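Trainee: For reference, the structure I am asking about is given below.
The values are calculated or read from the model by the stated rules, or taken from the named source; none is laboratory data. Just so it is clear, the structure is predicted and the values come from calculations on it, not from any experiment. We place every Cβ from the backbone using ideal geometry, glycine too, and count neighbours over all the protein chains shown.
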Amino acid sequence: MRRFVVSIFIIFIGLLFPSASFASHIELSECVEIAHCVKEEWDVSSIEQPFKEIKELIENSPRSVIVALEGDYLHAEVTSKWMKFVDDLEVSFVPESEKLIVRSESRVGESDLGVNQKRVDILRSRLF
């Protein structure tokens, strides 16, 4: 019984004070329909605060609203100018490997006419 209580206590302490190796990022889903989804991984070792910088870029992008921000994960909704379609833009930062994983996907439709790729390309060009 004592061993069980000690184990529960260690798990509880680990949740309160995670180690430095604890992954704070969220794994992003793979693109199922590549006609309206883009997922890229960027090496950001040359940027001092990459997650902060991309967060500011998204905050200042037209029709973009950050709906979730948890640790090194960001989820934004981007509304199209004309048809008012909503796309999901996700960013997960992996500090251990100095990688930003960016995913942009349309919620509806068979194709996005290249909108998601263009969005990701613009973010990359502004960041680098």
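Trainee: Quick one: is ARG124 at negative phi, of a type in the set (Lys, Arg) and crowded, with 18+ Cβ neighbours inside 10 Å? It would help to see each step written out before you state the result.
Mentor: Values: at negative phi: yes; of a type in the set (Lys, Arg): yes; crowded, with 18+ Cβ neighbours inside 10 Å: no.
Considered against the rule, which asks whether it is at negative phi, of a type in the set (Lys, Arg) and crowded, with 18+ Cβ neighbours inside 10 Å, ARG124 comes out as no.
Trainee: Looking at the structure I just gave you, is LYS84 under 17 Å from PHE128 (Cα atoms) and either touching a Ser or Thr at 6+ places or on another chain (Cβ under 6 Å) or not β-branched (Val, Ile, Thr) (or both)?
Mentor: no
Trainee: Among the residues of the stretch 104-128, how many are more than 18 Å from GLU53 (Cβ to Cβ) and either of a type in the set (Lys, Arg) or within 17 Å of the chain's Cα centre (by Cα) (or both)?
Mentor: The qualifying residues number 6.
Trainee: Looking only at the stretch 6-58, count every residue that is among the aromatic types (Phe, Trp, Tyr), modelled with pLDDT of 95 or more and over 27 Å from VAL108 (Cα atoms) and tell me the total.
Mentor: Counting residues in the stretch 6-58 that are among the aromatic types (Phe, Trp, Tyr), modelled with pLDDT of 95 or more and over 27 Å from VAL108 (Cα atoms) gives 1.
Trainee: Still on this structure: Which is loosely packed, with under 15 Cβ neighbours inside 10 Å, assigned to a loop (DSSP other than H, G, I, E, B) and without any contact (Cβ under 8 Å) to a residue 24 or more places away in the chain, of GLU30, GLU96?
Mentor: GLU30
Trainee: Read through the list (1) touching a residue at least 40 places away in the same chain (Cβ under 8 Å); (2) of a type outside the set (Val, Ile, Thr); (3) in a loop (DSSP other than H, G, I, E, B), then give the number of the only condition that PRO62 fails.
Mentor: For PRO62, the exception is condition (1).
Trainee: Any chance the stretch 73-87 includes a residue that's among the aliphatic types (A, V, I, L, M) and modelled with pLDDT under 95?
Mentor: The answer is yes, given that some residue of the stretch 73-87 is among the aliphatic types (A, V, I, L, M) and modelled with pLDDT under 95.
Trainee: Does the stretch 44-55 hold any residues that are within 12 Å of VAL91 (Cα to Cα) and surrounded by 12 or more Cβ atoms within 10 Å (Cβ to Cβ), and which are they?
Mentor: Within the stretch 44-55, PRO50, PHE51, GLU53, ILE54, LYS55 qualify.
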